[in-house]
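Read-outs: derived from the displayed coordinates by stated rules, not from any lab. The model shown is predicted, which means the values in this text are computed figures rather than measured ones. Quick reminder, even Gly has a Cβ in these numbers, built from the backbone with ideal geometry, and neighbours come from all protein chains shown.
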Amino acid sequence: MDVTVSLDSSLKWLGFLSTDNRRWLGEHLLQQVEEEEKTSRKSDEEFVHELLSMPVG
């Protein structure tokens, strides 16, 4: 069964949580995003290598 939930309704639901629970959730969501960004960033060396290996023209 597929369920579609709008972000607006989710935000309204989250408004019923206590301030501490919303803060906890926010911190954990940001932590997940930061971890994903760390793993998806390319090192400077990888970036330069890819840039130099691109064909010109």
Practice task
For the chain, build the charge dipole from Cβ charges (+1 Lys, Arg; -1 Asp, Glu) around the Cα centre, then report which of 29, 10, 47 sits farthest towards its positive end.
Solution key: 10
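Which value, in debye to the nearest 20, describes the size of the charge dipole of the chain about its Cα centre when Lys and Arg Cβ atoms bear +1, Asp and Glu Cβ atoms bear -1, and nothing else is charged?
Numbers: 6 positive and 12 negative charges, 65 e Å.
Rounded to the nearest 20 debye, it is 320 debye.
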Handout entry: Ellipticity estimate at 222 nm from DSSP helix runs (n ≥ 4, -39,500 (n - 2.57)) divided over the chain, nearest 500
Key = -21500 deg cm²/dmol
Exercise for the section: Go from 0 up to the bin containing the longest alpha carbon distance in the chain, width 10 Å each, and give me the % of pairs per bin. Expected result: 17, 24, 24, 15, 16, 3
